[in-house]
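In what follows, a single structure is set out as structure tokens and then discussed.
The values are calculated or read from the model by the stated rules, or taken from the named source; none is laboratory data. Only a predicted model underlies this, so the values are computations on that prediction, with no experimental measurement involved. No Cβ is skipped: glycine too gets one built from the backbone with ideal geometry, and neighbour counts run over all protein chains shown. Ligands, DNA and RNA are excluded from the accessible area calculation, which covers all protein heavy atoms including side chains. Shrake-Rupley method; radii C 1.70, N 1.55, O 1.52, S 1.80 Å.
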Amino acid sequence: MGKVGVTAAVVVGAAVCAAVGLLVRNQLRSSGQCARADAILKEFKDKCGAQNSKLKQVADAMTVEMHAGLASEGGSKLKMLISYVDNLPSGAEEGVYYALDLGGTNFRVLRVQLGGTERGIINREFREVSIPPNLMVGTSQELFDYIAAELAKFVAQEEDRFHLPFGRKRELGFTFSFPVMQTSINTGTLARWTKGFSIDDAVGKDVVGALSSAMERQGVDMHVSALVNDTVGTLAGGKYANKDVAVAVIMGTGTNAAYVERSQAIPKWHGPQSESGEMVINMEWGNFRSSHLPLTEYDIGLDAESLNPGEQMFEKLTSGMYLGEIVRRVLCRIAEESTLFGDTVPPKLKTPFILRTPDMSAMHHDTSYDLKVVGSKLKDILEISNTSLKARKLVVELCSIVATRGARLAAAGILGILKKMGRDISRDGEPQRTIIAMDGGLYEHYTVYRVCLETTLRELLDAEVSKNVVCEHFNDGSGTGAALLAASHSSYAS
Ligand code: GLC
């Protein structure tokens with residue numbers, strides 16, 4: 001080999017060595033970085049652990065808090081609000097009634113035509129409108145005027161056959177899904193906002209008064225006959241469809257539950273005992289808190305930076321408004337401490353609430369071999385392109401950890417209610433059937449979450465009992481339920 005040849009061979013050899021060296025270094029570096037990402041995920045998973053023994057402690061704590069909340073006003077983080085619904089719909093309700101359902105990202109106006117025992121619901125029409133984000137943090141007048149204006153349009157467009165006899169006012173059931181201290185079936189004051197609403201001038205104010213004034217300003221001539229929480233509406237709508245419904249749970253933007261309590265078991269209730277001896281309680285379980293809840297640093301950070309720090313902790317672990325945000329927070333930490341998503345933290349990943357739970361759900365349900373949906377969500381929402389399969393798998397695993405913890409805790413909450421009602425154990429004689437009326441976007445659309453919740457509840461109950469405890473989806477039970485309660489509390493009722 002000549003001199004030139006030798007030199008060339010040495011140069012090529014050196015270049016190859018350098019390239020191989022770089023490759024190996026990069027690989028080592030990236031496997032080190034992946035190891036860091038894996039470690040963060042593993043630590044998070046361990047802290048989210050909600051094994052059955054822990055869930056039973058959560059359920060017991062829920063039962064204890066229920067007792068405390070029923071005993072005295074302010075006796076517990078659980079408000080256990082008295083709904084003034086002491087009779088759920090009987091099925092005999094008749095006539096045309098309206099409902100307004102406000103409490104999540106959308107609100108609905110609806111009209112229900114009831115045909116009594118024989119004919120049931122003859123007609124049901126609704127209109128759904130999303131709430132402009134600026135109205136969620138504006139003034140109460142702006143918000144109520146906006147919904148009253150939609151109600152006005154809805155009524156203006158209805159057919160003549162729905163017109164009421166001369167002299168009779170239209171009646172409305174108002175589903176207002178926030179903690180309201182009721183003073184009767186159609187009066188109450190807002191205790192505080194939840195779920196990203198923050199309108200200072202409404203807290204402590206008469207909710208029905210605010211809606212009635214807005215309706216007057218918008219030219220809607222309607223009487224509010226019932227003011228109900230969405231859980232109470234769902235319970236009413238559920239019971240109308242199936243008499244075994246005894247509990248209602250909403251898993252949507254927020255979460256909450258209502259159930260039928262014996263009025264004698266409500267020491268703080270000083271009103272007259274109802275004929276039925278029962279009272280529906282709006283638990284406001286979103287505000288439940290217990291040392292048994294598996295909290296992580298990400299939950300603590302989310303809470304501290306939320307609009308309502310220190311409040312709604314159970315809701316922040318389990319409901320649709322927050323699950324995607326928890327995932328984002330963990331991803332952000334991974335991006336800060338590893339190169340799984342590139343050398344720098346993708347700027348979009350730093351934006352709170354950019355990753356919504358429906359997108360998290362879409363990623364979690366991705367069954368394609370190369371996790372295509374995950375790849376495109378990461379690209380479209382977080383502007384992270386060319387993600388490795390390893391990174392996508394980690395994201396799915398993360399969604400699974402967050403959803404599983406939420407769903408299992410929700411199941412524990414339901415067990416707590418069943419315990420309080422004495423329906424968690426089998427008794428002699430006829431087995432008692434309990435239907436839990438479920439609704440909310442999270443429950444309806446996040447299949448893995450729903451299945452996990454239901455499986456966990458079965459696991460927690462003993463086999464005999466679990467045969468008779470069923471979760472059933474009642475779509476828009478809350479709106480229909482509010483219209484039914486307006487009917488059963490009609491001011492024209494004989
Ligand atoms: C929030 C509200 C509660 C409602 C629940 C579900 O937790 O405070 O009133 O029932 O969301 O919408």
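Would you check if there is a residue in segment 443-451 being polar (S, T, N, Q) and in a strand (DSSP E or B)?
Initially, segment 443-451 is screened for residues polar (S, T, N, Q), giving 447.
Adding the requirement that they be in a strand (DSSP E or B) leaves none.
No: segment 443-451 contains no residue that is polar (S, T, N, Q) and in a strand (DSSP E or B).
Which numbered condition in (1) more than 24 Å from the chain's Cα centre (by Cα); (2) at pLDDT 95 or above; (3) open to solvent by less than 10 Å² (accessible area, probe 1.4 Å) is the only one that L331 fails?
(1)
Mind telling me which of the residues Q264, Q273, Q218 ends up being closer than 30 Å to F166 by Cβ and away from the ligand (no atom under 16 Å from the Cβ)?
Values: Q264 fails: closer than 30 Å to F166 by Cβ; Q273 fails: closer than 30 Å to F166 by Cβ.
That would be Q218, the only listed residue that is closer than 30 Å to F166 by Cβ and away from the ligand (no atom under 16 Å from the Cβ).
Looking for something farther than 16 Å from V96 by Cα, in a loop (DSSP other than H, G, I, E, B), within 16 Å of the ligand (Cβ to nearest atom) and of a type outside the set (S, T, N, Q) - is there at least one such residue anywhere in segment 131-151?
Scanning segment 131-151 turns up at least one residue that is farther than 16 Å from V96 by Cα, in a loop (DSSP other than H, G, I, E, B), within 16 Å of the ligand (Cβ to nearest atom) and of a type outside the set (S, T, N, Q).
Exactly one condition in (1) out of contact with any helix residue (DSSP H, G or I) (no Cβ under 7 Å at 6 or more places or on another chain); (2) more than 23 Å from Y84 (Cβ to Cβ) is not met by P179; state its number.
Checking P179 against (1) out of contact with any helix residue (DSSP H, G or I) (no Cβ under 7 Å at 6 or more places or on another chain); (2) more than 23 Å from Y84 (Cβ to Cβ), the one that fails is (2).
Can you pull out every residue in segment 276-309 that is in contact with an Asp or Glu (Cβ under 7 Å, 6 or more places away or on another chain), in a loop (DSSP other than H, G, I, E, B) and away from the ligand (no atom under 13 Å from the Cβ)?
Hits for segment 276-309 are S276, P309.
Only one of these is away from the ligand (no atom under 16 Å from the Cβ), in contact with a Ser or Thr (Cβ under 9 Å, 6 or more places away or on another chain), open to solvent by 20 Å² or more (accessible area, probe 1.4 Å) and among the charged types (D, E, K, R): E454, E459. Name it.
None of the other options fit; the residue is E459.
Mind checking which residues of segment 46-66 are assigned to a helix (DSSP H, G or I) and aliphatic (A, V, I, L, M)? Write out each step before concluding.
Keep residues of segment 46-66 that are assigned to a helix (DSSP H, G or I), which gives 46-48, 52-66.
Passing the criteria: L55, V58, A59, A61, M62, V64, M66.
Among the residues of segment 435-492, write down those that are within 18 Å of N282 (Cα to Cα) and of a type in the set (S, T, Y).
S478, T480
When segment 97-109 is examined, which residues are found to be in a strand (DSSP E or B) and either surrounded by fewer than 24 Cβ atoms within 10 Å (Cβ to Cβ) or within 13 Å of the ligand (Cβ to nearest atom) (or both)? Before the answer, list the steps.
Residues of segment 97-109 that are in a strand (DSSP E or B), as a first pass: 97-102, 106-109.
Residues satisfying the conditions are D101, L102, N106, F107, R108.
Within segment 162-173, identify whether any single residue is within 18 Å of V203 (Cα to Cα) and within 16 Å of the ligand (Cβ to nearest atom), and answer yes or no. Spell out the reasoning first.
If we filter segment 162-173 for residues that are within 18 Å of V203 (Cα to Cα), which is where we start, we get none.
No - not one qualifying residue is present in segment 162-173.
Quick check, is A246 under 15 Å from C471 (Cβ atoms), small (G, A, S), assigned to a strand (DSSP E or B) and within 13 Å of the ligand (Cβ to nearest atom)? Show your work before the answer.
Numbers: under 15 Å from C471 (Cβ atoms): yes; small (G, A, S): yes; assigned to a strand (DSSP E or B): yes; within 13 Å of the ligand (Cβ to nearest atom): no.
Judged against the criteria, A246 is not a match.
For segment 176-186, name all the residues that are near the ligand (Cβ under 9 Å from one of its atoms) and part of a strand (DSSP E or B).
First pass over segment 176-186, keeping only residues near the ligand (Cβ under 9 Å from one of its atoms): 176-180.
Answer for segment 176-186, where residues must be near the ligand (Cβ under 9 Å from one of its atoms) and part of a strand (DSSP E or B): F176, V180.
Scanning for something away from the ligand (no atom under 12 Å from the Cβ), surrounded by fewer than 22 Cβ atoms within 10 Å (Cβ to Cβ), at pLDDT below 95 and closer than 29 Å to G441 by Cα, does segment 187-195 turn up at least one residue?
No: zero hits.
Residue-by-condition table, conditions (1) in a loop (DSSP other than H, G, I, E, B); (2) out of contact with any strand residue (DSSP E or B) (no Cβ under 8 Å at 6 or more places or on another chain); (3) of a type in the set (D, E, K, R):
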site	(1), (2), (3)
E315	no, no, yes
L331	no, yes, no
K348	no, yes, yes
M360	no, yes, no
M363	no, yes, no
D370	yes, yes, yes
G375	no, yes, no
K379	no, yes, yes
T387	yes, yes, no
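Being in a loop (DSSP other than H, G, I, E, B) and touching a strand residue (DSSP E or B) at 6+ places or on another chain (Cβ under 6 Å) is the filter; apply it to segment 475-490 and report the residue that is least open to solvent (accessible area, probe 1.4 Å). First the steps, then the outcome.
Step one: filter segment 475-490 for residues in a loop (DSSP other than H, G, I, E, B), giving 475-476, 489-490.
Restricting the remaining residues to those that are touching a strand residue (DSSP E or B) at 6+ places or on another chain (Cβ under 6 Å) gives 489-490.
Values: H489: 53, S490: 14 Å².
Restricting to residues being in a loop (DSSP other than H, G, I, E, B) and touching a strand residue (DSSP E or B) at 6+ places or on another chain (Cβ under 6 Å), the top hit is S490.
Would you check which residues across segment 225-245 are crowded, with 24+ Cβ neighbours inside 10 Å and in contact with a Phe, Trp or Tyr (Cβ under 9 Å, 6 or more places away or on another chain) and list them? Before the answer, list the steps.
Pass one, segment 225-245, residues crowded, with 24+ Cβ neighbours inside 10 Å: 225-240, 245.
Correct list: S225, A226, L227, V228, N229, D230, T231, T234, L235, G237, G238, V245.
Within segment 410-426, can one find any residue that is on the phi < 0 side of the Ramachandran plot, surrounded by fewer than 20 Cβ atoms within 10 Å (Cβ to Cβ) and not in a helix (DSSP H, G or I)? I'd like the intermediate steps shown before the answer.
Quick first cut of segment 410-426, residues on the phi < 0 side of the Ramachandran plot only: 410-421, 423-426.
When the remaining residues are screened for being surrounded by fewer than 20 Cβ atoms within 10 Å (Cβ to Cβ), the result is 419, 421, 425-426.
Narrowing the set further to residues that are not in a helix (DSSP H, G or I) leaves 425-426.
For segment 410-426, residues on the phi < 0 side of the Ramachandran plot, surrounded by fewer than 20 Cβ atoms within 10 Å (Cβ to Cβ) and not in a helix (DSSP H, G or I): present.
Which of the numbered conditions does S388 fail, given that it passes all the others? Conditions: (1) surrounded by fewer than 20 Cβ atoms within 10 Å (Cβ to Cβ); (2) under 18 Å from the mean Cα position of the chain (by Cα).
Every listed condition holds for S388 apart from (2).
State which residue is surrounded by the fewest Cβ atoms within 10 Å (Cβ to Cβ) when the search covers only segment 248-280 and only residues that are among the hydroxyl-bearing types (S, T, Y) and in contact with a Gly (Cβ under 6 Å, 6 or more places away or on another chain). Talk me through it step by step, then tell me what you get.
Kept after step one, since they are among the hydroxyl-bearing types (S, T, Y), are these residues of segment 248-280: 253, 255, 259, 263, 274, 276.
Applying the additional criterion that residues be in contact with a Gly (Cβ under 6 Å, 6 or more places away or on another chain) yields 253, 255, 263.
Details: T253: 22, T255: 32, S263: 18.
Checking each candidate, the answer is S263.
Hey, does segment 196-212 have a residue that's part of a strand (DSSP E or B) and surrounded by fewer than 18 Cβ atoms within 10 Å (Cβ to Cβ)? Please lay out each step first, then the result.
Initially, segment 196-212 is screened for residues part of a strand (DSSP E or B), giving 206.
If we keep only those that are surrounded by fewer than 18 Cβ atoms within 10 Å (Cβ to Cβ) too, we end up with 206.
So far as segment 196-212 goes, yes, one or more of its residues are part of a strand (DSSP E or B) and surrounded by fewer than 18 Cβ atoms within 10 Å (Cβ to Cβ).
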